[in-house]
Structures are given as C-alpha cells and as structure tokens.
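The next block holds one structure in the form of structure tokens; read it before the comments.
Nothing in this text is a laboratory measurement; each read-out follows from the coordinates by a stated rule. Keep in mind that what you see is a predicted model, and the values were worked out from it rather than measured. Don't worry about glycine lacking a Cβ; one is built from the backbone with ideal geometry, like all the others, and counts go over all protein chains shown.
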Amino acid sequence: MRRVHDWLRQTILMVVDWFYPLFRRFMPQQTYRYAACGGFNTVLDILLFFVGYNYVFHKEPIPVYGSIIITPHIAAFLFAFLFTFPIGFYLSRYVVWQQTDTAKREQLMKYFIVVFGCIGLNYMFLKILVEFFGWYPTPAKILTTVFVVMFSYLSQKNYTFKS
C-alpha cells in the first residue's frame, strides 16, 4: 500500500509541477499546487454535483424520514462531498502542504472542521441563490464555489496545515 501511495503522490506532483513554469512569475509553488489540486477537486465537485442533481436524484426532492425532505440540489451537494472530501484531504496533505509536523489525525480533524465550515457556506449560499433568488442550481453552485474556495484556502493555510 505504501508503494501505491508513493507512486500516486509522485505522479501527481510530476503532472502538477510540469505546468508550474507557466505560473512561476505569478505565484509561489505551494500556492500554485493549492490552485491546481483545489481546481481539480472543484471541477470534480461541480461535475459530480451536476451528475447527482440531474441523473442520480433526477431533480426530485428526496424523502428522508417522515416529513423530512432533502431538496435535490442539497442532495447533489452531499453526494459530491462524499467523493471530494477524501480526495481533497489527500491532495492537501501529500501534495500541497507537505512540510508540516502536525500528526495526520490532528490534520484530518482540523481539515474536517474547515470543511464543515465550507459545508455551511455551501448550504447557505445554495439555499439563498436557488430557493430565494430562483437561480439554476449549477450556476448557483459555481458562484458559491468561488466564495468557499477563498475561505478554504485561507483556513487551510493558516489553520489546518500551518507549519
């Protein structure tokens, strides 16, 4: 398993860093890696949100228990989260913020706290944009992502993976 992890990490770093010379003038390597890994995870999140909303949940409310119902855009958000949370942590820990002395368990807990804040922001923005302003869910998710990414970067840099 360790060999697979080492190979995967090195392969991701090789692919990500291959494009770094194009961005060297604009940002340090760690910021670039965060943008590249976060950008990948964000695109994956939006793609999974779209697939979940349109094809898994078929734009229909999901009955949970009794009169509790989850709207399809919130169900799609949670569906995408199941995939992007572990992928995001792996990329953050082993590609972006490699030089840290914090134990993996502590980082995972801090990462979860920040992600929980991101979930709250996602939920709040999606509810407001879709249900109050009547936006289509996918554009609402894209705009929401812009705000959440800024919050996430600052939080991860200054809290979760602070060295």
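Backbone amide hydrogens, once placed in the peptide plane, bring ILE70 within less than 5 Å of ILE62, VAL64, excluding anything fewer than 5 places away on its chain. Using C-alpha pairs below 8 Å separated by at least 6 residues, the relative contact order for region 1-152 is 22 percent. What do you get for chymotrypsin sites (Phe, Trp or Tyr not before Pro) in region 83-163 restricted to DSSP loop and a cutoff of at most 11 other Cβ within 10 Å of the site's Cβ? Qualifying residues, ordered by number: PHE133. Convex hull volume of the C-alpha atoms in region 82-163, normalised per residue: 84 Å³.
Taking the longest Cα principal axis of the chain as reference, the axis of helix 72-91 is set at about 10 degrees. When the chymotrypsin sites (Phe, Trp or Tyr not before Pro) in region 14-52 are filtered for DSSP coil states and for at most 12 other beta-carbon atoms within 10 Å of their beta-carbon, the remaining sites are PHE19, PHE26.
For region 2-160, how big is the tail of P(r) above 19 Å, as a whole percent of Cα pairs?
Numbers: 7363 of 12561 pairs.
For region 2-160, the share of Cα pairs beyond 19 Å comes to 59 percent.
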